[in-house]
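I have placed the structure first, in the form of structure tokens, so that the comments after it can refer back to it.
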Amino acid sequence: MSDPDTRPTGSGLTYAQAGVDIDAGNAMVDSIKPLVRATRRPGADAEIGGFGGLFDLKAAGFTDPILVAANDGVGTKVKIAIETGRHDTIGIDLVAMCVNDLVVQGAEPLFFLDYYATGRLDPKAGIDIVKGIAEGCRQAGCALIGGETAEMPGLYAEADYDLAGFAVGAAERGALLPRGVADGDVVLGLPSSGVHSNGFSLVRRVVQHAGLGWSDPAPFDQGTTLGEALLEPTRIYVKSLLAALRGSDGIKALAHITGGGFPDNIPRVLPEGLAVELDLDAITPPPVFGWLAAAGSIAQAEMLRTFNCGVGMIIGVEAAKADEVAAALQAAGEAPIRLGNVVAEATERVVYKGKLTF
């Protein structure tokens, strides 16, 4: 797209001359309609383009639902997408950060909306971003029912953009989590796909300290560039967790390991007076974490509070039903790890045994 002509015309300045191209925005909306249409599900079948999105809870099969809402962003991981020119996975991250926060409360994600703000609209980048959002919605089983594209010259540099996501889910009354967590419950973990979408300000500092560029080979992943490896999208745990929740009543709590890592996220689902004891020897961190720890001289405690270190989801399970829950997760395609137990509160809400082996 060429630079707009900023010279006044005989009839005065136009919005396009101020840096906002309404026609490009409308063309992008038309281009993404098939992507949005592909995310339809029971309860949502309208086209985008109206003033708001609609969802029919009755058509989705709920009888006495509680609505659950979450919103999130992707943080400075978007900077890597911008600097590499690769925009087709960052939308998956955006959806993942929201819908994973819904399912940990026992809710089924129903619909999603996005906010995409940029200094200057690049229709190709915008379409790639929405492709990723649509793919994330498909993985989560929710409908993309609307969004906003904001072109804001002067606030963002031309190529820069930021993303925010908004998701709504529902659970039948009485099925919300956490519930009944008790001393002796078993703690399981589900593997992550890598860094997910937290800690990227530190990741970018480590890359800078190592003197590497995004197009350089990834030191921890032969055959791919550093930028591509770090843009590996966040895992979406929705379908496997919903299957396990339907297959067993043994799950008492779920915790999404995001910003704050283990010590900040796990206590959010624990009653007062309880803690968890985690066996770090049971975790096999993906190679990216070993590289970050070594290249940045990052201490184990800092790794555990900043990153997921290979475990993106924590599951609190009734001890007598731990095998049943693990089998349900395996049937849904997961590889659960037995990490430890819920214990009477010690000096910390999260207590570690062993150490991470990178």
(message) Can you say whether Leu202 is hydrophobic (A, V, I, L, M, F, W, C) and touching a residue at least 24 places away in the same chain (Cβ under 8 Å), as far as the supplied structure shows?
(response) yes
(message) Need the failing condition index for Gln17 against (1) out of contact with any Asp or Glu (no Cβ under 7 Å at 6 or more places or on another chain); (2) at pLDDT below 95; (3) farther than 26 Å from Pro233 by Cβ, just the number.
(response) (1)
(message) Condition first: within 20 Å of Ile314 (Cβ to Cβ) and either over 13 Å from the mean Cα position of the chain (by Cα) or surrounded by fewer than 24 Cβ atoms within 10 Å (Cβ to Cβ) (or both). Now tell me which residues in the stretch 65-97 satisfy that.
(response) Val68, Ala70, Asp72
(request) Consider Thr149 carefully, then state whether it is in contact with a Phe, Trp or Tyr (Cβ under 8 Å, 6 or more places away or on another chain), of a type in the set (Ser, Thr, Tyr) and modelled with pLDDT under 95. (result) yes
(request) Would you confirm whether any residue within the stretch 207-214 is open to solvent by less than 30 Å² (accessible area, probe 1.4 Å) and not in a helix (DSSP H, G or I)? (result) yes
(request) Could you check Phe55 against (1) part of a strand (DSSP E or B); (2) open to solvent by 20 Å² or more (accessible area, probe 1.4 Å); (3) touching a Leu at 6+ places or on another chain (Cβ under 8 Å) and say which number it fails? (result) (1)
(message) The conditions are (1) open to solvent by less than 80 Å² (accessible area, probe 1.4 Å); (2) part of a loop (DSSP other than H, G, I, E, B), and Leu13 fails exactly one of them. Which is it?
(response) (1)
(request) Take the stretch 142-164 and flag every residue that is within 17 Å of Arg37 (Cβ to Cβ) and touching a Ser or Thr at 6+ places or on another chain (Cβ under 9 Å). (result) Cys142, Ala143, Leu144, Ile145
(message) What are the pairs with Cβ atoms under 7 angstrom where one residue, in the stretch 179-194, is farther than 11 Å from Ala319 by Cα and assigned to a loop (DSSP other than H, G, I, E, B) and the other, located anywhere, is open to solvent by 10 Å² or more (accessible area, probe 1.4 Å) and basic (Lys, Arg)? Sequence gap at least six, or different chains.
(response) Arg179/Lys252; Gly180/Lys252; Ser192/Arg235; Ser193/Arg235
(request) Just give me the residues in the stretch 98-129 being of a type in the set (Val, Ile, Thr), under 15 Å from Leu241 (Cα atoms) and either at pLDDT below 95 or open to solvent by 10 Å² or more (accessible area, probe 1.4 Å) (or both), in sequence order. (result) Val104
(request) Pull up the stretch 343-358, narrow it to residues that are among the aliphatic types (A, V, I, L, M) and out of contact with any helix residue (DSSP H, G or I) (no Cβ under 9 Å at 6 or more places or on another chain), then point me to the one that is farthest from Leu245 (Cα to Cα). (result) Ala346
(message) Test of understanding: among Asp160, Asp185, which residue is acidic (Asp, Glu), more than 30 Å from Asp23 (Cβ to Cβ), open to solvent by less than 50 Å² (accessible area, probe 1.4 Å) and at pLDDT 95 or above?
(response) Asp185
(message) Looking only at the stretch 136-153, how many residues end up being part of a helix (DSSP H, G or I) and crowded, with 21+ Cβ neighbours inside 10 Å?
(response) 3
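The values are calculated or read from the model by the stated rules, or taken from the named source; none is laboratory data. Treat the numbers as computed from the prediction; the structure is a model and nothing was measured. All Cβ positions, glycine included, derive from the backbone under ideal geometry; neighbour counts span all protein chains shown. Ligands, DNA and RNA are excluded from the accessible area calculation, which covers all protein heavy atoms including side chains. Shrake-Rupley method; radii C 1.70, N 1.55, O 1.52, S 1.80 Å.
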